[in-house]
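Quick note: the coordinates plus some simple rules give every number you see, no bench work behind them. Note that the coordinates shown come from a computational prediction; the quantities given were computed from them, not determined experimentally. Don't worry about glycine lacking a Cβ; one is built from the backbone with ideal geometry, like all the others, and counts go over all protein chains shown.
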Amino acid sequence: MQDLTEHFIELIRRTSMDLPADVEAALARAREAEAPGSAARGALESILENIALARGKPAPICQDTGTPIFRVRHPEGWGTRRLRQEIRAAVAEATRRAYLRPNAVDTLTDKNSGNNLGDAAFPTIHFEEVEGQALTVDLLLKGGGCENVGAQYSLPVSALGAGRDLEGVRRVVLDAVHKAQGQGCAPGILGVAIGGDRGSSYVASKEALLRPLDDHNPIPALAEVESRLTTEANLLGIGPMGFGGKTTVLGVKMAGLHRLPASFFVTISYMCWAHRRRRMTVQRDQVTFE
Amino acid sequence: MHALRIPIPEEEIRSLKVGDPVLLSGVMLTGRDAAHKWMVETFVTRKREPQGDDLAVVEAIRPLLAGGAIYHCGPVVAGLDTKDYRFVAAGPTTSIREEPYQGDVMRHFSVRAVIGKGGMGPKTLAACQEAPGVYLHAIGGAATLIAQTVKKVITVYKLEFGVPEAFWVIEVADFPAVVTMDSHGKSLHAEVEAASRAALDRLLAR
């Protein structure tokens with residue numbers, strides 16, 4: 001097996017410094033929807049200018065390069081211990097090159113490790129063995145501002161009239177978007193998981209954020225809720241940066257999990273407009289990025 | 001467009017209204033969670049005894065804060081090994097975490113402008129009226145764009161807080177922001193919160 005450290009560094013560089021085309025296109029559409037001269041339009045103009053500038057320099061789009069979250073799907077025969085070592089080495093080197101800000105803080109001593117390496121959960125790496133010959137690595141850089149406005153609800157929530165069904169899900173998701181206001185760097189993207197336990201539900205809500213904005217949920221009931229929630233969240237009028245405006249979310253991505261009879265969790269992970277999501281594929285000795 | 005030069009005169013602060021775009025120039029300081037906790041606990045409530053270089057640092061930053069601006073920002077900085085510092089990415093961080101401290105910091109250090117994102121609450125709004133001061137909203141995530149307005153990193157204090165949490169003294173030219181909380185008691189954030197609450201109630205009534 002080849003050493004992938006250099007390719008992981010490149011994956012981090014691309015993720016930190018350029019946005020996926022679907023996200024940039026959605027932001028450009030959002031700009032056109034806002035009134036000329038409004039604060040909302042001004043915010044989106046600055047956002048789009050910043051994206052182009054970061055790509056050209058190149059430099060990180062946002063200074064909060066977040067928690068690096070890797071999802072590694074590998075064929076049989078790849079050693080996950082070695083992949084983990086290579087990813088950790090790449091994260092430290094990418095930090096030294098200022099692709100990433102040092103973000104790993106020891107919670108007890110408040111000491112920043114300086115190289116983005118903390119305990120086994122920093123950076124976060126999920127491994128899964130899959131069929132086939134290709135190794136795919138998805139990376140999400142998720143900043144703290146948007147992570148802080150994520151939420152988990154345990155249905156029913158009587159104050160919101162939210163029962164244990166999709167209507168209940170709709171109610172708590174809209175409540176979460178209202179509570180977030182502009183704090184998570186709106187317009188955001190919502191990853192929503194329903195079911196699971198508290199832990200699996202949070203993991204699935206982040207995994208949903210790895211889907212392209214313009215794809216369709218294969219489960220018709222979820223596809224319908226995704227589209228309805230996108231429309232309704234935008235009726236809240238919170239707008240870019242919370243300045244007031246037409247676009248509060250760029251999209252909603254949902255996942256359903258089995259749950260215990262007693263539990264009905266709805267978990268919302270909020271991703272900022274700087275939706276830094278990239279994929280690297282290794283097929284024999286060919287490495288590609290998308 | 002209001003061009004503001006730091007230190008900002010009181011009458012200029014009073015003339016600013018919610019919605020006004022501004023371009024800020026001069027020397028300002030970054031400071032976020034660790035910095036605000038340190039300032040308030042060591043010098044305002046004095047719950048904590050000054051130690052190490054605390055007194056020297058506070059004397060150095062006092063003249064910069066008086067009439068000046070504090071920026072909620074944890075930058076990406078190049079040149080850490082050579083100390084030839086350069087801001088690579090420097091957008092605002094979420095300000096509301098400083099709500100317990102900000103009003104005290106504004107009054108104690110005579111800070112005129114607080115820069116960040118997401119807005120702040122009633123305690124800071126009250127301090128804006130008294131100090132007087134304003135809250136300036138920078139564009140969250142527009143980190144490369146904003147880093148270009150940082151012409152020079154003059155020095156850094158409390159680097160032991162970590163790169164994001166240290167006090168970076170920077171010289172900026174035409175740093176762009178929008179007034180979202182003014183010295184007349186008006187807050188765009190309170191207005192948007194109320195309007196979106198009404199919209200939410202309508203959606204939940206469906």
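Things worth noting here:
- Antiparallel %, DSSP beta bridges [both residues in the protein assembly as shown], to 5: 65 percent
- Dipole magnitude of the range A:87-231, debye to nearest 20 (Cβ charges: Lys/Arg +1, Asp/Glu -1, about Cα centre): 540 debye
- Dipole of the range B:2-204 computed with +1 at Lys/Arg Cβ and -1 at Asp/Glu Cβ about the Cα centre; of B:A90, B:T180, B:L125, farthest Cα towards the positive end is B:T180.
- Rounded to the nearest Hz, the phi-derived 3J(HN,Hα) couplings of the range A:280-288 under the Karplus curve 6.51 cos²θ - 1.76 cosθ + 1.60 (θ = phi - 60°) are 10, 10, 10, 10, 6, 9, 9, 10, 10, where x marks glycine and proline.
- Cysteine residues of chain A whose C-beta has no other cysteine C-beta under 4.7 angstrom: A:C62.
- Only Cα pairs under 8 Å and 6+ residues apart enter the sum, and on that basis the relative contact order of chain A stands at 24 percent.
- Rounded D (µm²/s) - the range A:145-271, Kirkwood Rh over Cα pairs, Stokes-Einstein at 10 °C, 1.306 mPa s: 112 µm²/s
- Packing here is the average count of other Cβ atoms within 10 Å per residue, and on that basis the peptides A:103-116, B:93-106, B:153-166, highest first, run B:93-106, B:153-166, A:103-116.
- If only the Cβ of Lys and Arg carry +1 and only the Cβ of Asp and Glu carry -1, the dipole of the protein assembly as shown around its Cα centre is close to 200 debye.
- Protection proxy ranking of A:225-236, A:181-192, B:127-138 - average other beta-carbon atoms within 10 Å, highest first: A:181-192, B:127-138, A:225-236
- q = 0.09, 0.14, 0.15, 0.22 Å⁻¹, the range A:1-137: log10 I(q)/I(0) [Debye, one scatterer per Cα]: -0.36, -0.77, -0.84, -1.24
- If you run the Gaussian network model on chain A, springs between alpha carbon atoms under 10 Å, then out of A:G196, A:G144, A:G132 the most flexible one is A:G132.
- Of the residues A:A59, A:V149, B:V18, the one whose Cα sits farthest toward the positive end of the charge dipole of the protein assembly as shown, with +1 on the Cβ of Lys and Arg and -1 on the Cβ of Asp and Glu, is B:V18.
- Listed peptides A:67-79, B:168-180 by packing density, highest first (mean Cβ within 10 Å): B:168-180, A:67-79
- A straight Cα-to-Cα reach below 25 Å connects A:K253 with the lysines A:K142, A:K179, A:K206, residues fewer than 8 places away in its own chain not being considered.
- Efficiency of FRET from Cβ geometry, A:A35 and A:A159, R₀ 25 Å, rounded to 0.05: 0.10
- Contact order relative to length of the range B:56-134, as percent, for alpha carbon pairs under 8 angstrom and 6 or more apart: 32 percent
- Inverse mean reciprocal Cα-Cα distance (Kirkwood Rh) of the protein assembly as shown, Å: 23.3 Å
- Only Cα sites of the range A:215-290 enter the Debye sum here, all with the same form factor; the resulting log10 I(q)/I(0) across q = 0.15, 0.21, 0.25 1/Å is -0.76, -1.04, -1.18, listed in q order.
- 3J(HN,Hα) couplings calculated from phi for the range A:76-91 with the Karplus curve 6.51 cos²θ - 1.76 cosθ + 1.60 (θ = phi - 60°) are, in sequence order, 4, x, 7, x, 6, 5, 5, 4, 4, 4, 5, 5, 5, 5, 5, 5 Hz; Gly and Pro show x.
- Test item: A:53-62 mean partner chain Cβ contacts at 10 Å: 6
- For chain B, size of Cβ-based charge dipole, Lys and Arg +1, Asp and Glu -1, in debye: 360 debye
- Taken over chain B, lysine pairs spaced eight or more positions apart, or on distinct chains, with alpha carbons under 18 Å apart number 10.
- Averaged over B:195-203, number of beta-carbon atoms from partner chains that fall within 10 Å: 6
- Selected from A:A134, A:A92, A:A255 as most flexible by GNM, with chain A as the system and alpha-carbon contacts under 10 Å: A:A134
- Relative contact order computed over chain B (Cα-Cα under 8 Å; 6+ residues apart), in percent: 29 percent
- Compactness check for chain A: Cα Rg over 2.2 N^0.38 Å is 1.01.
- Per-residue shielding of A:176-182, expressed as the average number of other chain Cβ atoms within 10 Å of the residue Cβ, stands at 5.
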